[in-house]
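Only one structure is covered here, and it is reproduced in the block below.
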Amino acid sequence: MKSKITILAIAFLMASILLSSCSIGKGDLKDRNLEQATLSRLDSIPNVEYIGKSDVRALDDNRFQAVIIYYVTDSTGNKVEHNARVTTNDDCSEVYTWEELDSNVLGDTKQMISDKLEEKGIDMDGSMIDALIELKKRLK
């Protein structure tokens, strides 16, 4: 039982790190600005939901680069993950470059965590990360 709790705590921390790549305060402002810039860029696509960012780094000349994670809900209600590498200004309010990626950052992370937990004998799907995403949205 103790090892299950430890493993769940580690999985929770791994997922939390993925979802919060910036510190509280200035990072929250960047995330809100990046969400608005992403949604503005994708305004012609219906049912877009911004999830977050990953692989964040500051570039020279006051630029910022990150991988954006967002869902697009199709006509049958299925959410499909999309990723894009974006370059923005320092506060993330303006997108300079947008490159669609052929990857599933969040899906791959969910699978990795599920595989690690399964190795330890804990059967869990990606619903824990989905719950963390919902919790993050409510805290905004």
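The values are calculated or read from the model by the stated rules, or taken from the named source; none is laboratory data. Nothing here was measured: the structure is a model prediction, and the numbers come from that model. For neighbour counting, all protein chains shown are included, and Cβ atoms are generated from backbone atoms with ideal geometry for every residue, glycine included.
Can you find, within segment 6-51, the residue that is surrounded by the fewest Cβ atoms within 10 Å (Cβ to Cβ) among those that are at pLDDT 85 or above and in contact with a Leu (Cβ under 7 Å, 6 or more places away or on another chain)? Among those residues, the one meeting the criterion is 48.
Does segment 45-56 include one or more residues that are closer than 20 Å to residue 133 by Cβ, of a type in the set (D, E, K, R) and out of contact with any Phe, Trp or Tyr (no Cβ under 9 Å at 6 or more places or on another chain)? So that I can check it myself, show each step before the final result.
From segment 45-56, those closer than 20 Å to residue 133 by Cβ are 45, 47-56; that's our starting set.
Add one more test, that the residue is of a type in the set (D, E, K, R), and what stays is 49, 53, 55.
Filter again for out of contact with any Phe, Trp or Tyr (no Cβ under 9 Å at 6 or more places or on another chain), leaving 53, 55.
Within segment 45-56 (the criterion being closer than 20 Å to residue 133 by Cβ, of a type in the set (D, E, K, R) and out of contact with any Phe, Trp or Tyr (no Cβ under 9 Å at 6 or more places or on another chain)), the answer is yes, since at least one residue qualifies.
Go through the residues of segment 59-71 one by one and say whether even a single one is more than 19 Å from residue 103 (Cα to Cα), in contact with a Cys (Cβ under 8 Å, 6 or more places away or on another chain) and at pLDDT 85 or above. Give the derivation first.
Initially, segment 59-71 is screened for residues more than 19 Å from residue 103 (Cα to Cα), giving 59-64.
This time we only want the ones that are in contact with a Cys (Cβ under 8 Å, 6 or more places away or on another chain), so: 64.
Among the residues that remain, those that are also at pLDDT 85 or above are: 64.
Yes: one or more hits.
Taking segment 51-81 on its own, how many of its residues are over 16 Å from residue 108 (Cβ atoms) and not polar (S, T, N, Q)?
12
Total residues in segment 100-140 satisfying the condition of being exposed (fewer than 12 other Cβ atoms within 10 Å of the Cβ) and either polar (S, T, N, Q) or in a strand (DSSP E or B) (or both): the figure is 2. Whether a residue is within 11 Å of the chain's Cα centre (by Cα) and either over 22 Å from residue 40 (Cα atoms) or modelled with pLDDT of 85 or more (or both) was assessed, and residue 95 does not pass this test. Being surrounded by 14 or more Cβ atoms within 10 Å (Cβ to Cβ) and either part of a loop (DSSP other than H, G, I, E, B) or of a type in the set (S, T, N, Q) (or both) is the filter here; which residues of segment 74-89 pass it? Passing the criteria: 83, 87, 88, 89. Here residue 92 meets each of (1) surrounded by 15 or more Cβ atoms within 10 Å (Cβ to Cβ); (2) in contact (Cβ under 8 Å) with a residue 24 or more places away in the chain; (3) not in a loop (DSSP other than H, G, I, E, B) with one exception, condition (3). Applying a threshold of 7 Å to beta carbon distances and a minimum spacing of six or more residues, or different chains, the list of pairs starting in segment 99-123 at a residue that is under 24 Å from residue 83 (Cβ atoms) and ending at one that is assigned to a loop (DSSP other than H, G, I, E, B) reads 110/126; 114/124; 114/125; 114/126; 117/124.
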